[in-house]
Amino acid sequence: MSKILVFGAGGRAGRAAVDEAVRRGHEVTAAVRTPSKYAELGANVVAGDVTSTEAVARLAAEHDAVIAAVYDGGADPTDFFPRVGKALADGIGGTRLVWVGLASILADDNGTLLMDTPGYPQEYRSFYDAHQAAVDLLAGSPADWVSITPCGDFDHDNPERTGSYRFAPGDAASRISYADLAIALLDEIDTPRHHGALLGVRRA
């Protein structure tokens with residue numbers, strides 16, 4: 001059993017990660033902005049500011065691994081995600097970090113980032129670039145991290161847990177459920193295989 005901290009536990013990916021970690025018998029701490037709103041999470045719920053290096057360092061030191069499944073929550077993503085990346089890079093220490101990434105910054109099977117492929121929506125380009133900035137900060141740090149992201153998007157029409165997934169290049173048409181993504185996240189904690197890598201997962 002490991003002690004696992006989940007930043008962003010109130011979101012769909014974060015909730016799925018909490019559920020999967022609890023399913024595996026881990027001791028889970030859910031870090032959210034407002035703990036009183038998330039008493040039903042089935043974990044130890046605490047207040048945690050993922051943009052604060054001090055908060056990240058304090059909480060990470062008490063855990064074996066950290067999952068960061070965060071989103072901007074209405075904040076300016078060009079400010080929010082780089083601040084998160086810096087706080088994690090500077091505060092995570094030697095604790096294993098599994099970052100829930102963004103498909104847009106994955107390379108497709110030709111080596112082109114999805115956000116640079118023809119027809120990919122560009123109205124959210126600042127959001128994509130902000131995620132890239134956060135990953136760049138992690139990549140430039142000594143942190144033990146890996147990024148796991150859907151190859152394309154989450155499958156809202158088929159949300160069930162199939163129990164499997166596979167790694168693949170970026171593909172805007174591919175889908176995976178939140179529950180199956182969570183399996184990939186926990187696998188990288190239970191049996192770390194990848195370090196400093198951006199990995200896409202899709203339905204098996």
Residue tally, condition charged (D, E, K, R) and touching a residue at least 60 places away in the same chain (Cβ under 8 Å), over region 113-141: 0
In region 50-72, what residues are out of contact with any Gly (no Cβ under 9 Å at 6 or more places or on another chain) and over 12 Å from Phe7 (Cβ atoms)? Glu62, Asp64, Asp72
Would you check which residues across region 141-153 are surrounded by 19 or more Cβ atoms within 10 Å (Cβ to Cβ) and either over 15 Å from the mean Cα position of the chain (by Cα) or of a type outside the set (Val, Ile, Thr) (or both) and list them? Ala143, Trp145, Ser147, Pro150, Cys151, Gly152
Subset of region 112-140 that is of a type in the set (Asp, Glu) and either over 19 Å from the mean Cα position of the chain (by Cα) or not in a helix (DSSP H, G or I) (or both) - its residue that is surrounded by the fewest Cβ atoms within 10 Å (Cβ to Cβ): Glu123
Taking the criterion of being buried (at least 21 other Cβ atoms within 10 Å of the Cβ) and over 13 Å from the mean Cα position of the chain (by Cα), would at least one residue in region 184-201 satisfy it? no
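Residues checked against (1) under 15 Å from Val100 (Cα atoms); (2) touching a Leu at 6+ places or on another chain (Cβ under 8 Å):
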| position | (1), (2) |
| --- | --- |
| Ala139 | yes, no |
| Ala143 | no, yes |
| Glu160 | no, no |
| Gly170 | yes, yes |
| Ala179 | yes, no |
| Thr191 | no, no |
For Leu181, are the conditions met, namely being out of contact with any Gly (no Cβ under 6 Å at 6 or more places or on another chain), of a type in the set (A, V, I, L, M) and either part of a strand (DSSP E or B) or closer than 14 Å to Ala65 by Cβ (or both)? no
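Would you mind finding the one in Val45, Val100, Val84, Val32 that is under 20 Å from Glu188 (Cα atoms) and surrounded by 15 or more Cβ atoms within 10 Å (Cβ to Cβ)?
Val100
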Is it the case that Tyr124 is at pLDDT below 95 and over 22 Å from Leu186 (Cα atoms)? yes
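Only one of Glu20, Glu62, Glu27 is crowded, with 23+ Cβ neighbours inside 10 Å, within 20 Å of Leu186 (Cβ to Cβ) and not polar (S, T, N, Q); which?
Unique residue meeting the criteria: Glu20.
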Is it the case that some residue within region 153-164 is in a loop (DSSP other than H, G, I, E, B) and in contact with a helix residue (DSSP H, G or I) (Cβ under 6 Å, 6 or more places away or on another chain)? yes
If you go through region 1-13, how many residues are touching a residue at least 60 places away in the same chain (Cβ under 8 Å) and either surrounded by fewer than 15 Cβ atoms within 10 Å (Cβ to Cβ) or of a type outside the set (A, V, I, L, M) (or both)? 6
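The values are calculated or read from the model by the stated rules, or taken from the named source; none is laboratory data. Here the structure is a predicted model, which is why all the values come from computation and not from measurement. Counting neighbours? That spans all protein chains shown, and the Cβs are built from the backbone with ideal geometry, glycine included.
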